[in-house]
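Q: One structure follows; several queries about it will come next.
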Amino acid sequence: MLARILSAIVMVSVLAGCSASSTGSSAASDTTITTATSTTAVAAEGGAEQGATTPSSTTPSSTTAAPATTAATTPTTAPAPDEPPCQTLYDAAVDGAAPWFVVNDGVMGGQSAGSLTEGIDAITFSGELVTDGGGFSLIRAALLPGSLAGADIVRLEAVPDDRTYLLTISDRAPNRDPRTNFQAPMRFEQDGDGGAVADVALDSMQAVVFGRPVDEAPLDADLAAEIAIQLSDGLDGEFEFDLVRLSVCSAE
């Protein structure tokens, strides 16, 4: 009888040990899953904070959208069959407002007041145009040598108001009057995503000096030195132009 009692006690101890071992393994597995889930969540939140400033941007949907922004800043290598090959020259989401500076007509005694502000996906050129005493405001950026070499078109992606803006480019062609700029109006078409696109053909640009047409040799795109977005439409009032991206394209 004593032997049977001892045997039963040993059996109970073995079963209790197996149960504890199973419980410990289950707890360890649960801890691993929780840790992995928490690590993923922290990584997602960290990525979202780098790409946006609003709390809602820390959601998983904002995190997965970040790579698309990065991809959009790279040169286009596989355009659609009906699209010219283009290369990004400026992207507001990447470059910000640093390349640009504002020029108002105060340099000629005018009273227009344009300014530039930087957003997440665009820079905003806005202010008020006053035609008495000047009547222009623009933002300008220097171009690296060869930036427009081989290009036929400058493409602007923007969210403009309904005023007429000019694309202005200057070059460093030999014997060129240094006051000469080349201008053409931007004709925007809606892109279906709330923005608009304008293609400006470089061979359509008119040589001007202080806004007046002059007889000059055509723009030398290979020697282009500066590019600007200008408002001088002869209308008093407020304006706003959000620049998203600027690209150069080849017609071939």
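Q: Near Gln190, within a Cβ-to-Cβ distance under 13 Å, what is the net charge of the other residues, with Lys and Arg +1 and Asp and Glu -1? Kindly include the intermediate steps, with their values, before the conclusion.
A: Numbers: positive: Arg187; negative: Glu157, Asp162, Glu189, Asp191, Asp193.
Net of charged neighbours comes to -4.
Q: What are the residues whose amide H is under 5 Å from the amide H of Ile120, where those residues sit 5 or more places off or on another chain and H is modelled from the backbone?
A: Those lying under 5 Å, H to H, from Ile120: there are none.
Q: Within 10 Å of each residue's Cβ, count the other Cβ atoms and sort Phe188, Phe210 from fewest upward.
A: Working: Phe188 19, Phe210 10.
Ascending Cβ contact count within 10 Å gives the list Phe210, Phe188.
Q: By the gyration tensor of its Cα atoms, with a ≥ b ≥ c the square roots of the eigenvalues, what is the shape of region 84-191: rounded for a/c under 1.5, prolate for a/b over b/c, or oblate? Walk me through the numbers before you get to the answer.
A: Values: a/c = 1.62, a/b = 1.14, b/c = 1.43.
Oblate.
Throughout, read-outs are computed from the coordinates displayed, never taken from laboratory work. If you're wondering where the values come from, they're calculated on a predicted model, not measured in any experiment. No Cβ is skipped: glycine too gets one built from the backbone with ideal geometry, and neighbour counts run over all protein chains shown.
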